[in-house]
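Nothing in this text is a laboratory measurement; each read-out follows from the coordinates by a stated rule. These numbers were taken from a predicted model, which means no experiment stands behind them. Reconstructed Cβ throughout: ideal geometry from the backbone, glycine too, with neighbour counts over all protein chains shown.
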Amino acid sequence: MNNSVTNTARLLWAGLRALLVLTIVTGVIYPLAITGVAQGLFNDKANGSEIKVDGQVVGSSLIGQSYNLPVKGEETPAPDLKWFQGRPQNGLGTNGVNTQYSLILSGATNRSGDNGTVDGVCPPLDKAEEATLCYWVESAKAAVIKDNSVPGYTVTPSEVPADAVTSSGSGLDPAISPEYADIQVHRVAEKNNLSVDQVQKLVDEHTDGRTLGFIGEPTVNVLELNIALKELVAKS
């Protein structure tokens, strides 16, 4: 009996010691070591790839933002057309705490590529069924053409790239294609009283090429581009 109690006590003490050691190693030492390495070698990425202007954080290079007019009473605020616009944000949810990002929800549209098609083709907008991918794409395309067509420059349907009318898998893509940025140049120039050449130069300067020269596609970070645009407008 006494031997059994002694063995049980010894096993409990051994288990307790293992718990304490593992707690210290995996719960304290390891997290501190990883945090130290991350802060020392990858400080920017470890802190969320923050973008700062005048010492204040204005966003992250990894998360898209909305550039909307804060019109009261509008359930869906209209885009503020003096800024470059990002991809559709179908994945964004809403909340009353963080109104800049609305990051309660993120995700894709959960619609298949042929959702709403007729014989494999999206019907015209006036004949498309609402709440289908076809309807969303055709609506977005019509808006892109309307918003970016200005006197002396008209956007044609064939010029509208896919990223201008579809959201990313997360709905939070921070970048657009150079093609989508290019068709916004004339509108942005007009709204900000700038020349087309000035705005096009900004786009070219903020176009990132393929990773390692062959991975992915060229992209333009919308937040970084709009920050540069704001600085250019201030100088002008």
Review point. When TYR153, TYR30, TYR67 are ordered from fewest to most other Cβ atoms inside 10 Å of their Cβ, what list results?
Key: TYR30, TYR153, TYR67
**Study point:** Listed residues VAL25, VAL155, VAL118, most fluctuating in the chain (Gaussian network, C-alpha, under 10 Å)
**Key:** VAL25
Exercise for review: Can you list which of the trypsin sites (Lys or Arg not before Pro) found in region 125-228 are DSSP loop residues with at most 14 other C-beta atoms within 10 Å?
Suggested key: ARG210
Review point. Under the Karplus relation 6.51 cos²θ - 1.76 cosθ + 1.60, θ = phi - 60°, what is the ordered set of whole-Hz ³J(HN,Hα) values for region 130-137, x standing for Gly and Pro?
Key: 5, 6, 10, 4, 4, 5, 4, 5
Revision key, fill the gap. The long-range amide H neighbours of SER168, using H built 1.01 Å from N in the peptide plane and a cut-off of under 5 Å, are ASP173
Review point. For VAL21 and LEU41, what is the calculated FRET efficiency with R₀ set at 35 Å and r taken between the beta-carbons, to the nearest 0.05?
Key: 0.80
Check your understanding: In deg cm²/dmol, rounded to 500, what helix-only [θ] at 222 nm does the chain give when every DSSP H run of at least 4 residues adds -39500 (n - 2.57) and the total is split over its residues?
Key -> -12500 deg cm²/dmol
Practice item. Report, to the nearest 10°, how far helix 222-235 tilts away from the longest principal axis of the Cα atoms in the chain, using its own Cα long axis and a range of 0 to 90°. Key: 60 degrees
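For region 111-169, which GluC sites (Glu not before Pro) are in a loop by DSSP, counting at most 12 other Cβ atoms within 10 Å?
Sites meeting the loop and neighbour criteria: GLU129, GLU130.
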Practice item. With springs connecting C-alpha atoms under 10 Å apart, model the chain as a Gaussian network and identify which of VAL203, VAL53, VAL220 has the largest mean-square fluctuation. Key: VAL53
Review point. If you take the beta carbon distance between ASN110 and THR6 as r and set R0 to 35 Å, what does 1/(1 + (r/R0)^6) give as a FRET efficiency, to the nearest 0.05?
Key: 0.05
